[in-house]
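Notes to accompany the following structure.
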Amino acid sequence: MASYLGFHNTTLPHDLSGSSSLYSSVNFDDLNWAEQKWAEWYMFIGNPVLATGIMSFVMHEIVYFGRCLPLVIIDRIPYFNRWKLQPGKVPTAREQWECTKLVLLSHFTVELPQIWGFHPMAEYFGMSTHSVPFPALTTIAWQVAIFFVFEDTFHYFAHRWLHTPMMYKHIHKLHHKFSAPFGLAAEYAHPVEVLILGTGTIGGPLLFAILSQTIWPQVSLHIVTVYIWIIFRLFQAVEAHSGYDFPWGTRHWLPFWSGAEHHDFHHMAFVNNFSTSFRWWDHWLGTDLKYQAYRKRIEASKASERAKIEAAENLTIEASGLAAERALLARSGESKPKNVRVGEVVAPDGHESAPTNLLKVNAESKKSR
Ligand SMILES: [Zn+2]
Ligand SMILES: [Zn+2]
């Protein structure tokens, strides 16, 4: 194993010596705190596949729900409603719980096997896994930037595919259940959608690892870089679905960042804004025209009337979004959507009534803006 890892001149600290052959050639005195803890974890578990599997799954759960928790709390504090993109359309506790249950089911059934298979796949494609030290921060930064660009491109085209009649009817409709999304809804999706869009997240690192093994041997990829990328990606997904455009949000200091303001419109309008992280593809391919016109109309309005105009715009846009969804489903052979939207009332016969809650909440929330 030592020769496989390529380490030499072993110096193990007393408490670690003899605990594992994984690091028999590593000088622990040369490692920083994080690298030592990394190595200690792999030695503690003793089986790299198991160690990576447990760490990946626990990290995913902690980061996803840890990032969602502040938003769940914020949803209960009226003060923050001034930054709500669809004001007043606050998810109920029941909606959040229903969403959490499906997300957890998906994590334990669909994502767990994928996460478990990640270590063997990573090693197969030549990624460094349990080895230490970690790459330099600059290396991690540019590699993560590449994964962001790759994922955004993959996601844009895959997402447009998910909006074709049959793909929408059978797969993507579930994710569009909430026309006013909230953090927990980021991974509220059909298992097949999780697989398709997950390819964009993990495909970048795997392709990069293949390149480093074949035509670009000067570079290598460590799994810790992939972890950092996935943490950023989870933060991005939850932020995009948060339903809030906070003044400290990423898009306010990174103008080409999509953020919640961009993706929330996708859920409200059903059309436009298919990307995840960046606004480029929607701009280049003209799939943000409706969104741009909507923003212009609101920005052109008088400050004193802006809240009223935005509320009216949101009603119109959401109504046209529902019509667009119906038209798409009609092309797939389905007569009407069966999803319940946040802030809408569905009669017992399944027919959607007017979005009375929306009218009420818009009027109430704008008072405090
Ligand atoms: Zn969509
Ligand atoms: Zn979404």
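What residue, of GLY183, GLY203, GLY249, is small (Gly, Ala, Ser), within 16 Å of ILE146 (Cα to Cα) and away from ligand 1 (no atom under 16 Å from the Cβ)?
On the way: GLY183 fails: within 16 Å of ILE146 (Cα to Cα); GLY249 fails: within 16 Å of ILE146 (Cα to Cα).
After applying the criteria, what remains is GLY203.
Of the helices (runs of 4 or more DSSP H) lying entirely inside segment 90-184, those containing at least 2 residues that are more than 30 Å from ASP30 (Cα to Cα) and assigned by TED's automatic domain parsing to the domain that holds GLU261 span 93-106, 112-116, 137-162, 165-170.
If you take the residues in segment 50-76 that are closer than 20 Å to PRO120 by Cβ and surrounded by fewer than 17 Cβ atoms within 10 Å (Cβ to Cβ), which one is farthest from the chain's Cα centre (by Cα)?
Among them, the one singled out is LEU50.
In the set GLN218, GLN292, only one residue is over 20 Å from LEU162 (Cα atoms) and in a helix (DSSP H, G or I); that residue is GLN292.
Residues considered: SER3, SER20. Of these, the only one that is part of a loop (DSSP other than H, G, I, E, B) and at pLDDT below 85 is SER20.
How many residues does segment 237-246 hold that are more than 16 Å from ligand 1 (Cβ to nearest atom) and assigned to a helix (DSSP H, G or I)? Give the steps one after another, and end with the answer.
Narrowing segment 237-246 to residues more than 16 Å from ligand 1 (Cβ to nearest atom): 238-239, 242, 244-246.
Retained after the next criterion (residues that are assigned to a helix (DSSP H, G or I)): 238-239.
Residues flagged as more than 16 Å from ligand 1 (Cβ to nearest atom) and assigned to a helix (DSSP H, G or I) within segment 237-246 amount to 2.
Restricted to segment 138-173, and to residues there that are among the aliphatic types (A, V, I, L, M) and within 14 Å of ARG233 (Cα to Cα), the residue that is nearest to ligand 2 (Cβ to nearest atom) is VAL149.
Is there a residue being modelled with pLDDT under 90 and within 19 Å of the chain's Cα centre (by Cα) anywhere in segment 116-127? Yes, because at least one residue in segment 116-127 is modelled with pLDDT under 90 and within 19 Å of the chain's Cα centre (by Cα). Filtered by the rule that a residue be over 18 Å from PHE270 (Cβ atoms), charged (D, E, K, R) and surrounded by fewer than 22 Cβ atoms within 10 Å (Cβ to Cβ), segment 151-197 gives a lone residue, ASP152. So which of PHE246, PHE278 ends up being away from ligand 2 (no atom under 14 Å from the Cβ) and closer than 13 Å to HIS155 by Cβ? Every option except PHE278 fails the conditions.
The values are calculated or read from the model by the stated rules, or taken from the named source; none is laboratory data. On a predicted model such as this, the values are computed, not experimentally measured, just so you know. A quick note on method: Cβ atoms are made from the backbone with ideal geometry, for glycine too, and the neighbour counts reach across all protein chains shown.
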